[in-house]
Each structure stands twice: as structure tokens, then as C-alpha cells.
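These notes are about the structure you will find just below.
Read-outs throughout are calculated quantities, based only on the coordinates presented, and are distinct from any laboratory measurement. Keep in mind it's a predicted model, so treat the numbers as computed, not measured. Cβ placement follows ideal geometry from the backbone for every residue including glycine, while neighbour counts extend to all protein chains displayed.
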Amino acid sequence: MRLRRQFVRVKRDGVWKAELSPLKAREEGEWRDVPIPSFVERALRLHLRDHGVGEDGYLLHAHHGGHVLDSNYRTEFRRAVIKAGFADESWTAHTLRRVFASSAIAGGLSLLEVSRWLGHATIQITADIYGHLTPDAGARMRSVMDGALAAANVSCADS
């Protein structure tokens, strides 16, 4: 999925408003590609088929046709969480971001890849938040090196 813009809250004339702006740590016209599971892609295709996009070309739009702001998005997200049977859980859209990152790292994907998908300005941000999920990195490295050296037919014999 290609992300190009995001809403940010800005204070204009003493009033907070939501405005579309470039993604964090990106310039106007830049984007970020994020891989999505097949079932999410299917759901998006169905959504597009059934609802299309808003007049502005964006995927999510409010019932009145305008932009979906964080306040009404949170309300709709909470309704969906309850409908899915998780009424006792404190799930938010940000929870899904955390599940995405945690699952990717625990599944062996690199911090660098995950950092790019999340849009973090630096890999250090990702490491600070999710680095604890890579405790078996030493064992994975040993396995990779064993395989690489075996493929190169390198052996170390005891003398």
C-alpha cells in the first residue's frame, strides 16, 4: 500500500484544525510503501468496489464525503472493535500499528525494513521501541553463517 499524505493537527487563529500534509520525515511528493497481508488487500478491493474513493481521490472518506478526521475515525474504529467481539479490549488504530511491527520483527524481519514501513525518521527509533523483540538474533546469525560457510565448503577441523 502506498501512503502519500497524512492529517496533522495545526493551530490556525487559535483553533485546532486537521490538514493534509506530507508524511512525517518526508517531503511533498514522497511516499512510503507498506506491505499488507492478502486478506487486507482483498478487503480494500471490496471496499473500493462497493464505495469507491472520495471526491478528493482518497480511500477513506466520511459519510458526508469529506475527510475522515481522527476524532470520527476513533469512534468508528471503536465500533468495529466492539462488533468484532473485543469490547473489553482497549484496541486503537495505533494498536494495529504496534501489532504489525511486533509481528514483523518477531517473525525475523529486519529492524531496517520495519523502520521504513513504519516511517520512522531513523532506525534508532524503531530499535528503541521494538529492539527487545530480537533476542534470538544471535542464534539466527549462527544459523545463517553455518549455512553460508557450508555452502562455501569451508570447514574448521580440530587438530
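Taking N as the number of residues in the chain, what value does Rg over Cα atoms divided by 2.2 N^0.38 Å take?
After normalising by residue count via 2.2 N^0.38 Å, the value is 1.41.
At R0 = 30 Å, how high is the FRET efficiency between Gln6 and Ala87 if r is their beta carbon distance? Nearest 0.05 is fine.
Calculated value: 0.55.
Can you compute the FRET efficiency between Ser38 and Ala80 using 1/(1 + (r/R0)^6), with r the Cβ-Cβ distance and R0 = 25 Å? Round to the nearest 0.05.
So, using R0 = 25 Å, E works out to roughly 0.80.
Using the number of other C-beta atoms within 10 angstrom as an exposure proxy, rank Thr126, Thr95, Thr75, Thr134 with the fewest first. Let's see the in-between values first.
Details: Thr126 22, Thr95 13, Thr75 9, Thr134 16.
Placing the least packed residue first, the sequence is Thr75, Thr95, Thr134, Thr126.
Quick one: if you stick a label point 7 Å off each Cα along the C-beta vector at His132 and Trp31, how many nm between them?
Rounded to a tenth, the inter-label distance reads 3.6 nm.
Under the classification rounded if a/c is under 1.5, otherwise prolate if a/b is larger than b/c and oblate if not, where does region 36-89 fall, given a ≥ b ≥ c as square roots of the Cα gyration tensor eigenvalues?
Working: a/c = 2.50, a/b = 1.23, b/c = 2.03.
It is oblate, given that a/c is not under 1.5 and a/b is not larger than b/c.
If you line up the Cα atoms of region 92-141 on their principal axes, what length do they span on each, largest first, in Å?
Result for region 92-141: principal-axis Cα extents of 33, 21, 15 Å.
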